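Below is one structure, written out as structure tokens; comments come after it.
The values are calculated or read from the model by the stated rules, or taken from the named source; none is laboratory data. Only a predicted model underlies this, so the values are computations on that prediction, with no experimental measurement involved. Because the Cβ atoms are built from the backbone with ideal geometry, glycine has one as well, and the counts that use them run over all protein chains shown. Surface areas here come from the heavy atoms of the whole protein model, side chains and all, with no ligands, DNA or RNA. Shrake-Rupley method; radii C 1.70, N 1.55, O 1.52, S 1.80 Å.
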Amino acid sequence: MKRPFLTLEQAREIRKSYPTPFHIYDEKGIRATARSLNSAFGWNPGFREYFAVKATPTPGILKILKQEGCGVDCSSLTELMMAQKCGFSGREIMFSSNETPAEEFRLADQLGAIINLDDLTHVDFLRETLGHVPETICCRYNPGGTFTLGESKEGFQVMDNPGQAKYGMTRPQLTQAYTRLKELGAKEFGLHAFLASNTISNEYYPALARILFETAVELSRETGCHITFINLSGGVGIPYRPEQSANDIAVIGQGVRKAYEDILVPAGMDDVAIFTELGRFMLAPNGHLVTTAVHEKHIYKEYIGVDACAANLMRPAIYGAYHHITVLGKEDAPCDHVYDVVGSLCENSDKFAIDRPLPKIEMGDILVIHDTGAHGFSMGYNYNGKLRSAELLLKEDGSVALMRRAETPEDYFATLVW
Ligand SMILES: *Cc1c(COP(=O)(O)O)cnc(C)c1O
């Protein structure tokens, strides 16, 4: 059963200073997650998590992760600027972008970030842009086809479609890219791939690691390049549904270690560092969207209208994604009502839940929408003139800090030419 990290009493107290809707994050949970990841990969001396900034681009969060030893994975100009302002520099920054504008490569290079090239043509684009190629460089691999794991009667445990994805280089292009980069002066090489998203399987990272380790051994033999790190990227998922079970990061770490000992160590590549770029796994369960029930409507279905909408969390509207909902104070009440929980956008997809069994909801009840800590606030938008909410931090001592204030109409109007 999913339990919120917030009680009704806490939420009522917070609502006095910060009206709903707001996103709130659990510092204790974030630190615990970062520590469990670092400990799962503690066997690898060079291990580092580069938190995927796009999942939660909030300085208050990035600074906590920095204290836990994480770097950041950026994919745009403003993410690089935010990383710099938060005190990240040099090899603490990974720059994994695609269709990259020249000015972004320039800033990444100035910051000393590790640049992860998405395409073969970017090798010469980078050299023309910078006048050189960095000594340390990474290339993104796309093996094509479909990627599947764990076939059973119910289907595959993991299935995704690299062959349909716009990212990364083909296998022959990797050889060309490494060869060319070496000619241009690169000395230290990394290899990266992202093959499946939100995987609920302890096998995903180990399977990906085997592919990347074998490819790294081949590339090192073919090109003589010194490969010093393998970046397993993101994709380790979380159980959004209460009946799903969570990944065990310690088991995942040991699975990658086994692949490392089977493939890299015998090839004499036992100095390779493992990097990750997890976003969802690090933050999603450690964030809630908190909202108040403001209207009820009884037509062909039973509706509960809340003060949050898809502009605060768009995953249900665009992916039909499930997000669990708890009515605070009614955690143990029977779920004997069935509701559509909806926001106020003039869009019928603005539904946080459809036909969801929940306890009876009264107007003024506070609802927690779970697992919104990653790809939640950050995907928000201003459709219907809706304003972005505040982001709060529930600190380890139980106090609450403001990390980002709510937008005001002035913010919304600020870019307009009247
Ligand atoms: C989005 C992204 C991530 C993070 O993905 P999660 O699913 O949140 O783990 C990591 N690396 C790259 C390059 C990405 O685009």
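Of note:
- Filter result (among the polar types (S, T, N, Q) and over 30 Å from Lys386 (Cβ atoms)) within region 251-308: Gln254, Thr276
- Filter pass, Tyr240 being in a helix (DSSP H, G or I), under 16 Å from the mean Cα position of the chain (by Cα) and within 13 Å of the ligand (Cβ to nearest atom): no
- Residue list for region 354-413, filter: open to solvent by 30 Å² or more (accessible area, probe 1.4 Å) and hydroxyl-bearing (Ser, Thr, Tyr): Ser378, Tyr381, Tyr383, Ser399, Thr408, Tyr412
- Restricting attention to region 113-133 and to residues that are part of a loop (DSSP other than H, G, I, E, B) and not aliphatic (A, V, I, L, M), the residue that is least open to solvent (accessible area, probe 1.4 Å) turns out to be Asp118.
- In region 278-320, the residues that are touching a Leu at 6+ places or on another chain (Cβ under 8 Å) and closer than 30 Å to Ile114 by Cβ: Leu278, Phe281, Met282
- Residue in region 218-229 that is at pLDDT 95 or above, within 18 Å of Met159 (Cβ to Cβ) and open to solvent by 10 Å² or more (accessible area, probe 1.4 Å) present: no
- Restricting attention to region 85-101, the residues that are in a helix (DSSP H, G or I) and surrounded by fewer than 12 Cβ atoms within 10 Å (Cβ to Cβ) add up to 2.
- Candidate set from region 123-142 (those that are within 16 Å of the ligand (Cβ to nearest atom) and touching a helix residue (DSSP H, G or I) at 6+ places or on another chain (Cβ under 8 Å)); member that is nearest to Gln164 (Cα to Cα): Asn142
- Long-range neighbours under 6 Å by Cβ, at least six apart or interchain, first residue open to solvent by less than 10 Å² (accessible area, probe 1.4 Å) within region 62-73, second of a type in the set (Ser, Thr, Tyr) and outside any helix (DSSP H, G or I): Gly71/Tyr50; Val72/Tyr50
- Within region 207-229, not a single residue is in contact (Cβ under 8 Å) with a residue 40 or more places away in the chain, in the same structural domain as Cys138 (by TED's automatic domain parsing) and within 12 Å of the ligand (Cβ to nearest atom).
- Residue list for region 243-253, filter: within 14 Å of the ligand (Cβ to nearest atom) and outside any loop (DSSP other than H, G, I, E, B): Ile249, Ile252
- Output for region 269-303, where each listed residue is in a strand (DSSP E or B), more than 16 Å from the ligand (Cβ to nearest atom) and of a type in the set (A, V, I, L, M): Ala273, Leu289, Val290, Ala293, Val294
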